[in-house]
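Rule-based calculations on the coordinates, nothing more; no lab input. From a predicted model like this one, the values you see are computed outputs, not experimental measurements. Here the Cβ positions follow ideal geometry from the backbone for every residue, glycine too, while neighbour counts run over all protein chains shown.
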Amino acid sequence: MSERPYVIDQMISAKAIAARIETLCDEIQDEFAGTDKLVVVGLLRGSFVFIADLVRELNLPIEVDFLEASSYGDGMESSREVRILKDLRGAIEGRDVLVVEDIVDTGFTMQHVIRLLKGRKPSKLRTIALLDKPSRREVEVKADWTGFEIPDEFVVGYGIDYAQRNRNLPYIGKVRFT
């Protein structure tokens, strides 16, 4: 795939992300107070940095598992066809579950994952997304917690990529093609 030249303009600093995660974790701990073990399910690959920071901040007994769902491939637009590339290793029936997503865009991935996991009968299922683009929503779905609402921009960094690049940026940046 041939990439167009681009630059990245910082949108959300690493410091702002860290502060928001601290606030979100306080709310999550209140929601799951008393749980014997929270299963934190990261949606790969974009959420891996977010989930790492999130679980280090949570003061709860947790188990981490991953699900890989894709509706993008290497492109910039959702195909609207969600494929599960890697499923959970453990059972979640009767368990408290927190699904961690990097970004809710059209909503197809989140909707598909929620439907899939609800079918496995968790005790409680909640969702968190680092970023939300409500202007792009095509299906009715909303995360229980959101880090930041952003405009319709193509973003990278903090685990989110463009053609498998820029995941390692410590901030969220807007891609601007030159």
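For the chain, what is the charge dipole size about the Cα centre, in debye to the nearest 20, if Lys and Arg each add +1 at the Cβ and Asp and Glu each add -1 at the Cβ?
380 debye
Less than 11 Å Cβ to Cβ from residue 45, Lys/Arg counted +1 and Asp/Glu -1: what total charge do the surrounding residues give?
Numbers: positive: 86, 167; negative: 68, 102, 161.
That works out to -1.
If I build a Gaussian network model for the chain, linking alpha-carbon pairs within less than 10 angstrom, which residue out of 88, 131, 38 has the largest mean-square fluctuation?
Sorting by GNM fluctuation, first place goes to 88.
Just for segment 86-178, what percent of DSSP beta bridges are antiparallel, to the closest 5?
25 percent
Taking 21 Å as the cut-off for C-alpha to C-alpha distance, list the pairs among 133/174; 15/142; 37/121; 86/121; 86/118; 37/142 that go past it.
Violating the 21 Å Cα-Cα cut-off are 15/142; 37/142.
If each residue of separation counts as 0.36 nm, what is the full-extension length gain between residue 124 and residue 139 once their alpha-carbon separation is subtracted?
3.2 nm
Between residue 165 and residue 85, with labels modelled 7 Å along Cα→Cβ, what's the label distance in nm to one decimal, could you check?
1.8 nm
Positive end of the charge dipole of segment 14-152 (Lys, Arg +1 and Asp, Glu -1 on Cβ, about the Cα centre): tell me which of 19, 84, 39 has its Cα farthest that way.
Towards the positive end, the residue furthest out is 84.
With the dipole of segment 56-178 worked out from charges on the C-beta (+1 for Lys and Arg, -1 for Asp and Glu) around the Cα centre, which of 158, 111, 130 lies farthest toward the positive end?
Positive-end residue among those listed: 111.
Work through the residues other than residue 123 whose Cβ is under 12 Å from its Cβ and net out their charges, Lys, Arg +1 and Asp, Glu -1.
+4
Nearest-5 percent of antiparallel DSSP beta bridges in the chain?
Details: 13 of 37 bridges.
Percent antiparallel among DSSP bridges in the chain is about 35.
Please give the calculated 222 nm ellipticity per residue for the chain, where each DSSP H segment of at least 4 residues contributes -39500 (n - 2.57) and the sum is spread over every residue; nearest 500 deg cm²/dmol?
Mean residue ellipticity at 222 nm (helix-derived): -7000 deg cm²/dmol.
Name the long-range amide H neighbours of residue 129: under 5 Å, sequence gap of 5 or more, or other chain; modelled H, no Pro or chain starts.
It is 101, 145, 146, 147, by chain and number.
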